[in-house]
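Asks: Let me begin by handing over the structure; questions about it come next.
No lab work stands behind these numbers, since they all come straight from the coordinates. Just so it is clear, the model here is predicted, and its values are computed rather than measured.
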Amino acid sequence: MASKQPVVEAPNIWAVAQQQFDLAADKLDLDDGMRRVLRVPQRELTVNFPVTMDDRSVEVFTGYRVQHNVSRGPGKGGIRYHQDVTLDEVRALAMWMSWKCAVVNIPYGGAKGGVIVDPKKLSTREVEGLTRRFATEISPLIGPDRDIPAPDVNTNAQTMAWIMDTYSMHHGYTIAGVVTGKPIAIGGSLGRNEATARGAVFTLLSWAKATGTSLEGLRVAIQGYGNAGSIAATLLAEQGAMIVAASDSSGGIHAPRGLDPAKVGAWKSEHGTVVGFPRADEVSNQEILEVDCDVLVPAALENQITRHNAPRIKARVVAEAANGPTTPEADAILHDRGVFVIPDILCNAGGVTVSYFEWVQDMQSFFWSEDRINESLREIMDRAFDAVYAMSTRHEVDMRTAAYMVAVARVADATTLRGLYP
Ligand code: GLU
């Protein structure tokens with residue numbers, strides 16, 4: 001049967017990333033040579049690799065690791081497992097990591113990895129086999145001083161443990177700093193698991209301060225109830241906000257009188273989805289973006305807020321916990337409508353910031369308290385928000401353009417200072 005959904009073309013996310021960069025480059029009056037350098041990734045590796053499945057058959061998977069720019073330090077960025085991963089997507093995500101690390105001013109370049117796979121269709125043993133072989137295939141690029149992967153969509157602390165172990169086996173001794181987002185027992189950091197959500201909440205607190213409001217009583221809709229979305233729900237409820245809608249890849253729920261994030265989390269653990277949660281209406285993953293709310297937190301995938309739905313978004317503020325949820329056309333519409341967008345490279349930078357703390361702790365074999373981590377995260381997020389907000393006021397641009405201007409200028413400076421080799 002033909003789908004009743006209108007066919008909506010999804011913009012190529014790599015073209016989107018380049019378009020966002022071009023806008024900032026224009027505002028910064030960046031010279032042509034530097035534009036040419038920063039507009040493309042420095043290194044791209046494609047690997048096709050075999051994995052023995054549980055029934056002893058052999059499957060071949062395709063994966064990527066891309067380093068966009070490493071002038072400010074080693075490459076940094078997650079690895080995602082998803083059936084829709086493409087090289088263009090990984091390029092965009094790697095470029096965004098360069099800007100993200102620069103906006104919070106941590107000494108890393110940008111990188112990203114991905115494997116085309118739906119891990120939910122594989123057994124744990126198959127995912128382990130895939131992870132170990134993928135880690136082996138990208139081992140010419142990764143390393144604690146070269147390029148440091150971390151979790152992303154559908155990967156987690158266990159995935160990082162397998163990568164760390166595989167890399168360590170190759171070298172004959174434990175090298176904890178090759179990945180971040182590891183389990184605490186093997187060199188992970190306290191607070192890392194919550195860091196993306198915590199950082200996003202810090203940026204919302206900064207927005208509230210800058211606009212003379214508070215989060216108390218605000219109604220929040222969250223698209224995506226994975227690591228970032230579910231923990232953001234809990235932390236926002238702790239700030240007195242009310243979660244009115246939540247969704248995951250199977251669909252969403254809406255309860256104008258409020259949802260208890262812990263109960264929704266427990267329901268999702270038991271049923272594998274938030275759908276079916278008692279005393280809530282069902283909404284689709286698209287409808288959730290348009291529900292009546294004050295704060296919208298896209299915490300799923302790219303290309304969610306587009307020119308098609310941006311005119312109908314009711315939130316006053318959009319906090320981008322996901323990477324790339326808003327297209328440039330939608331950005332312009334939201335800006336015209338007075339919706340304040342806290343852009344991904346700022347809003348979700350808490351994850352990579354605590355990854356940086358984890359890496360520093362691994363290098364020193366000296367581990368910090370959770371209070372120290374959360375305080376240091378707050379300091380970095382507040383400083384980054386203030387720098388971006390000041391840039392946006394000074395140049396009368398939206399927060400995304402301002403964040404890009406701060407970030408691109410830092411990466412361009414580092415690239416210029418180092419000069420061209422040879
Ligand atoms: N995947 C996360 C992101 O997109 C974390 C990256 C990291 O910690 O290196 O920011």
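Asks: Of the DSSP beta bridges with both residues in the chain, give the percent that are antiparallel, rounding to the nearest 5.
Replies: Values: 25 of 51 bridges.
Looking only at bridges with both residues in the chain, the antiparallel portion is about 50 percent.
Asks: Springs between alpha-carbon pairs under 10 angstrom, Gaussian network model over the chain: which of THR326, THR180, THR52 fluctuates most?
Replies: THR52
Asks: Among bridges DSSP assigns within region 1-140, what percent are antiparallel (round to 5)?
Replies: DSSP beta bridges in region 1-140 are roughly 75 percent antiparallel.
Asks: Straight-line reach from LYS112: which lysines fall under 19 Å, measuring Cα to Cα and dropping same-chain residues less than 8 apart?
Replies: Candidates past the 8-residue exclusion: LYS76, LYS100, LYS182.
Asks: By the gyration tensor of its Cα atoms, with a ≥ b ≥ c the square roots of the eigenvalues, what is the shape of region 177-299: rounded for a/c under 1.5, prolate for a/b over b/c, or oblate?
Replies: Oblate.
Asks: Under 21 Å between alpha carbons, and skipping anything fewer than 8 positions from LYS268 in its own chain: which lysines qualify?
Replies: LYS120, LYS121
Asks: Would you give the gap between the C-alpha center of region 369-399 and the C-alpha center of region 187-251, rounded to a whole Å?
Replies: 16 Å
Asks: Let me ask you something else. How would region 352-417 be classified by its alpha-carbon gyration tensor: rounded, prolate or oblate, with rounded meaning a/c under 1.5 and the a/b versus b/c comparison settling the rest?
Replies: In terms of gyration-tensor shape, oblate.
Asks: In addition: Ignoring everything except DSSP H segments at least 4 long, calculate the 222 nm mean residue ellipticity for the chain; use -39,500 (n - 2.57) per segment, divide by total residues, nearest 500.
Replies: -14000 deg cm²/dmol
Asks: Rounded, prolate or oblate: pick one for the chain, where a ≥ b ≥ c are the square roots of the eigenvalues of its C-alpha gyration tensor, a/c under 1.5 means rounded, and failing that, prolate if a/b is larger than b/c, else oblate.
Replies: Details: a/c = 1.39, a/b = 1.12, b/c = 1.24.
It comes out rounded by the Cα gyration axes.
Asks: Which whole-number percent gives the relative contact order of the chain, counting Cα pairs below 8 Å spaced six or more residues apart?
Replies: 16 percent
Asks: Right, here's the next one. Summarise the long-distance tail of P(r) for region 258-329 by giving the % of C-alpha pairs beyond 18 Å. Don't skip to the end; give the middle numbers.
Replies: Numbers: 1148 of 2556 pairs.
Cα-Cα pairs in region 258-329 separated by more than 18 Å: 45 percent.
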